[in-house]
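Asker: Quick one: the structure is below, and I'll ask about it shortly.
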Amino acid sequence: MTPKISAAITAIGGYVPDDKLTNFDLEKMVETNDEWIRTRTGIEERRILKGEGKATSDMVVPAVQQLLAKRGISAEEIDCLIVGTVTPDMVFPSTANIACDKLGAKNAWGFDLAAACSGFVYALTTGAALIESGRYKKVVVAGADKMSAIIDYTDRATCIIFGDGCGAVLLEPDEEGFGVKDSILRSDGSGGKYLHMKAGGSLKPASIETVTNKEHFAYQEGQAVFKFAVKGMADVSAELLERNNLTGEDISWLVPHQANKRIIDATADRMGLSHDKVMLNIQRYGNTTAGTIPLCLWEWEKQLKKGDNIVLAAFGGGFTWGATLIKWAYNS
Ligand code: UT7
């Protein structure tokens with residue numbers, strides 16, 4: 001019998017810009033304060049990609065270069081690059097196309113996947129399916145967002161939350177049962193009204209009016225999103241455990257989307273997971289949208305052990321949400 005091929009993560013790379021935007025900086029920009037931001041969200045500072053001509057692909061490229069160096073392979077060996085993002089360099093061509101060109105990934109095809117904060121779990125599931133099909137051997141999945149490009153820094157409801165960053169993983173075939181084991185992905189487009197960007201798409205192309213009305217910035221009704229996020233992320237994570245006959249005790253790490261520490265705590269509690277098994281770097285990076293989950297994996301890589309059961313969980317604009325179970329494939 002031919003063993004089933006699974007998609008194992010075999011290397012991780014990450015990139016966060018050097019420039020920091022702290023809660024104290026924000027106090028000077030909008031009516032807010034460090035204490036409110038820390039207690040309501042858990043965030044202390046975020047990174048901002050500055051500089052003329054710098055875009056999301058400029059974070060994807062160093063993250064991917066780092067994972068290639070760790071794995072000891074060249075960009076030409078990449079078969080496909082999937083970039084989860086809602087802040088692509090341009091509407092088209094895709095950020096994946098642009099990044100492949102900058103990387104010299106001459107043999108790769110690729111595309112962007114827009115699922116907001118669930119971008120990485122959606123892209124990972126998609127990339128894993130390409131590996132499981134047997135057709136591709138090296139698929140890179142990145143989660144990258146330059147949220148500062150779509151944030152109104154006079155709107156305290158959004159500017160305190162978001163930051164810029166990128167994480168990327170390499171997927172390769174595994175025949176010993178390591179890698180992506182299961183994934184539950186969901187969406188509900190009726191939630192779009194609570195979190196979206198009003199203009200710049202085919203519905204409302206850019207005009208002087210859309211710019212004047214600040215319709216090219218992220219719009220969020222925080223409280224409504226919060227309620228759906230707490231339920232969605234916790235429900236799907238619990239369902240994933242149940243259908244794999246696992247309990248919180250079997251899980252080594254929860255890797256949650258970093259939107260709000262209170263949402264993360266609720267998900268961990270629902271899974272019966274002690275909080276020391278939860279990756280949390282929201283205090284340093286804020287919400288980097290598709291970047292949060294792979295940036296956690298990147299920072300915790302050395303603590304991950306071969307055979308660990310890891311659950312990734314996300315909730316975001318769309319609404320989109322999901323959870324993925326991984327059996328970790330290597331010790332670093
Ligand atoms: O990543 C993808 C999905 N996004 C999320 O998951 C985000 C989900 N939502 C949230 O994380 C939270 O809703 C926020 C952090 C955005 C807001 O926190 P909240 O606890 O829901 O605050 P709120 O909007 O209910 O506002 C509470 C109070 C209000 O004052 P009053 O009416 O009680 O006097 C706001 O005006 O806090 C006030 N407020 C602020 N105060 C200082 C709202 N924003 C701020 C602020 N600084 N930045």
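The values are calculated or read from the model by the stated rules, or taken from the named source; none is laboratory data. Here the structure is a predicted model, which means the values were calculated and not measured. Quick reminder, even Gly has a Cβ in these numbers, built from the backbone with ideal geometry, and neighbours come from all protein chains shown.
Asker: Take the residues of region 218-252 that are of a type in the set (D, E, K, R) and not in a loop (DSSP other than H, G, I, E, B): which is nearest to the ligand (Cβ to nearest atom)? Talk me through it step by step, then tell me what you get.
Answerer: Of the residues in region 218-252, the ones of a type in the set (D, E, K, R) are 221, 227, 231, 235, 239, 242-243, 249-250.
Remaining after also requiring not in a loop (DSSP other than H, G, I, E, B): 227, 231, 235, 239, 242-243, 249-250.
On the way: 227: 9, 231: 11, 235: 15, 239: 19, 242: 24, 243: 25, 249: 27, 250: 27 Å.
That would be 227.
Asker: Could you please give the count of residues in region 131-158 that are crowded, with 19+ Cβ neighbours inside 10 Å, farther than 30 Å from residue 107 by Cα and of a type in the set (D, E, K, R)?
Answerer: Residues in region 131-158 being crowded, with 19+ Cβ neighbours inside 10 Å, farther than 30 Å from residue 107 by Cα and of a type in the set (D, E, K, R): 0 in total.
Asker: Search region 75-112 for residues being away from the ligand (no atom under 16 Å from the Cβ) and in a strand (DSSP E or B), and hand back the single one that is farthest from residue 185 (Cα to Cα).
Answerer: Kept after step one, since they are away from the ligand (no atom under 16 Å from the Cβ), are these residues of region 75-112: 75-83, 88-112.
Now narrow it down to the ones that are in a strand (DSSP E or B): 80-83, 109-112.
Numbers: 80: 22, 81: 20, 82: 17, 83: 17, 109: 24, 110: 21, 111: 19, 112: 17 Å.
Of everything passing the filter in region 75-112, 109 is farthest from residue 185 (Cα to Cα).
Asker: So, one more: Working only within region 24-57, note down all residues that are at positive phi and more than 13 Å from the ligand (Cβ to nearest atom).
Answerer: Hits for region 24-57 are 51, 53.
Asker: Of everything in region 173-193, what is within 16 Å of the ligand (Cβ to nearest atom) and surrounded by 20 or more Cβ atoms within 10 Å (Cβ to Cβ)? Give them in sequence order. Full working, then the answer.
Answerer: Just the residues of region 173-193 that are within 16 Å of the ligand (Cβ to nearest atom), to begin with: 185-193.
The one that is within 16 Å of the ligand (Cβ to nearest atom) and surrounded by 20 or more Cβ atoms within 10 Å (Cβ to Cβ): 191.
Asker: Still on this model: Of the conditions (1) within 24 Å of residue 69 (Cβ to Cβ); (2) crowded, with 20+ Cβ neighbours inside 10 Å, residue 51 satisfies every one except a single condition; which number is it?
Answerer: The number of the failed condition is (2).
Asker: If you don't mind, another one. Determine if region 12-19 includes at least one residue that is in a loop (DSSP other than H, G, I, E, B), within 14 Å of the ligand (Cβ to nearest atom) and surrounded by fewer than 20 Cβ atoms within 10 Å (Cβ to Cβ).
Answerer: No, region 12-19 contains no residue that is in a loop (DSSP other than H, G, I, E, B), within 14 Å of the ligand (Cβ to nearest atom) and surrounded by fewer than 20 Cβ atoms within 10 Å (Cβ to Cβ).
Asker: Do we find that residue 127 is crowded, with 24+ Cβ neighbours inside 10 Å and among the small types (Gly, Ala, Ser) in this structure? So that I can check it myself, show each step before the final result.
Answerer: Working: crowded, with 24+ Cβ neighbours inside 10 Å: yes; among the small types (Gly, Ala, Ser): yes.
Here the answer is yes, as residue 127 does meet what is asked.
Asker: Same structure again: If residue 214 passes every condition in (1) in a loop (DSSP other than H, G, I, E, B); (2) surrounded by 15 or more Cβ atoms within 10 Å (Cβ to Cβ) but one, which one does it miss?
Answerer: (2)
Asker: What single numbered condition from (1) β-branched (Val, Ile, Thr); (2) within 16 Å of the ligand (Cβ to nearest atom); (3) in a strand (DSSP E or B) fails to hold for residue 9?
Answerer: (2)
Matching residues to (1) within 23 Å of residue 68 (Cβ to Cβ); (2) assigned to a strand (DSSP E or B):
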position	(1), (2)
254	no, yes
258	no, no
265	no, no
294	yes, no
299	yes, no
302	yes, no
305	no, no
326	yes, yes
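Asker: Shifting gears a bit: Can you tell me which of 92, 111 is without any contact (Cβ under 8 Å) to a residue 24 or more places away in the chain, surrounded by fewer than 24 Cβ atoms within 10 Å (Cβ to Cβ) and of a type in the set (Phe, Trp, Tyr)?
Answerer: Sole residue among the options that is without any contact (Cβ under 8 Å) to a residue 24 or more places away in the chain, surrounded by fewer than 24 Cβ atoms within 10 Å (Cβ to Cβ) and of a type in the set (Phe, Trp, Tyr): 92.
Asker: Take region 194-211 and flag every residue that is outside any strand (DSSP E or B) and within 10 Å of the ligand (Cβ to nearest atom).
Answerer: Within region 194-211, 194 is the sole residue that qualifies.
Asker: Filtering region 136-172 down to residues that are part of a helix (DSSP H, G or I) and out of contact with any helix residue (DSSP H, G or I) (no Cβ under 7 Å at 6 or more places or on another chain), which residue is nearest to the ligand (Cβ to nearest atom)?
Answerer: Of the residues in region 136-172, the ones part of a helix (DSSP H, G or I) are 147-150, 156-159.
Checking which are out of contact with any helix residue (DSSP H, G or I) (no Cβ under 7 Å at 6 or more places or on another chain) leaves us with 148-150, 156, 158.
Details: 148: 15, 149: 16, 150: 13, 156: 4, 158: 8 Å.
Here the residue is 156.
Asker: Would you please list the contacts, defined by Cβ atoms under 7 Å and residues six or more apart or on different chains, that run from a residue in region 9-22 that is within 13 Å of residue 57 (Cα to Cα) to a residue that is in a strand (DSSP E or B) and modelled with pLDDT of 95 or more?
Answerer: Listed by first residue and then by second, the contacts come to 14/166; 14/167; 15/165; 15/166; 16/47; 16/165; 17/47; 17/164.
Asker: Tell me which residues, restricted to region 321-332, are within 16 Å of residue 256 (Cβ to Cβ) and surrounded by fewer than 24 Cβ atoms within 10 Å (Cβ to Cβ). Let's see the steps before the verdict.
Answerer: We begin by selecting, within region 321-332, every residue within 16 Å of residue 256 (Cβ to Cβ); these are 321-326.
Correct list: 325 only.
Asker: Which condition breaks for residue 284 when tested against (1) modelled with pLDDT of 95 or more; (2) within 14 Å of the ligand (Cβ to nearest atom); (3) not acidic (Asp, Glu)?
Answerer: Evaluating residue 284 over (1) modelled with pLDDT of 95 or more; (2) within 14 Å of the ligand (Cβ to nearest atom); (3) not acidic (Asp, Glu) leaves (2) as the failure.
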